[in-house]
Structure formats: C-alpha cells, structure tokens
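Got a structure for you, written out below as structure tokens; questions coming shortly.
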C-alpha cells in the first residue's frame, strides 16, 4: 500500500487514513446523537430538559421579584426615616416607634435575659437605622461615645453567656440608644 503523508510533527506522521478515520468517528457521533434526539427516547429527554429549564427560570424569576420587593421596602423605610412628612413616613415611623416600645417593655420584667435581649434589639434597631440613612449629611449624634460603650456591653453579652447585668445598667444603655435614635429623628 502506498501511503501519502500530509504533515510531519513531533508525535509522528499523520496519514490521510487516520484523518479519514477521525472524520468517520465525528460523523458517526453526530449521526448517533441526531438519531437519538429524533427518537422517542430523545424527545422524552428533551421534554424533561425543557421542563427543568422552565422550573429553574420560574425559581430565578421569583427570586428576582422577591429581591426587588425587598429592596423597595428598604427604600420606603429609608424615605420614611429621611422625611418627616407624608403618610408613608408616618406609617414607618409608627412601626419604628412600636418596635422601640417593645424593646422598652422588656425592661419592665425582672428577668436579666429580657434586659440583655432588649439591649441586643436596641442595638440592632440603631444599626438598621444607620444603614438606612447611610452617609446623609447633617446627621449628628450627640452621645456617640456612650453608644460605643453600650456596644462594648452588647458585645460582652454576645461573647459571654454568663455576663451579669443589672436592671439599672440595662435601663441606662436603652436610654443611650433612645437618645441616639432621637438625634437621628426617628423617635
């Protein structure tokens, strides 16, 4: 047999025969794939893939809508905090005030755990309002050093489950957060 070489490389010589075999392999794979996809089983597989794709699209679409609604709710709260006028502002300020009243009600009990919980919730509310306000010019908190001390106590509560706290100390910390929120114009 007379063999014709078309190219030489470091792996050896490639003959037209090998190229023909490679072409036949690719054609065979294509025909089997196309044949499978046009068969009854292939159509079932494609239908399942379509159904799974639709479900995934619906899940991601729902997630996008949920996140858009969540962002819109944060935007409404931010507008309410920033502006003193309008029914939306009054409604959200009422929600914040109601939340604050729940925090203060925890101080009435004699339970040290409720006092700790009140401090944690007050700090959470304070941080949430600061996040909403962002870098708004003209915000001045007169008792920032006291709030930093309150945050140290809050961190001690979180880090040390046996942290002791009197009712008076808890009331003082809550009063500190209230002053900060008052300075922000929220309550």
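Quick note: the coordinates plus some simple rules give every number you see, no bench work behind them. Source: prediction; values computed, not measured. A quick note on method: Cβ atoms are made from the backbone with ideal geometry, for glycine too, and the neighbour counts reach across all protein chains shown.
Going highest first, how would you order 115-122, 61-68 by mean Cβ packing within 10 Å?
In descending order of packing, they fall as 115-122, 61-68.
On to the next question. If the chain between residue 149 and residue 171 were fully stretched, how many nm would it gain, using 0.36 nm times the residue separation less the Cα-Cα distance?
Result: 6.5 nm gained on full extension.
Report the FRET efficiency, 1/(1 + (r/R0)^6), for residue 140 and residue 99, where r is their Cβ-Cβ distance and R0 is 22 Å, rounded to 0.05.
Working: r = 23 Å, r/R0 = 1.05.
Using R0 = 22 Å, I get an efficiency of 0.40.
Give, in nm to one decimal, the length gained when the segment between residue 34 and residue 130 is fully stretched (0.36 nm per residue of separation minus the Cα-Cα distance).
Going from the current span to full extension adds 28.5 nm.
If you wrap a convex hull around the Cα atoms of the stretch 86-183, how much volume per residue is inside, in Å³?
With only Cα atoms used, the stretch 86-183 gives 96 Å³ per residue.
Would you calculate the separation in nanometres between label points at residue 52 and residue 18, each defined as 7 Å from the Cα along the Cα-to-beta-carbon direction?
Inter-label distance under the simple model: 3.7 nm.
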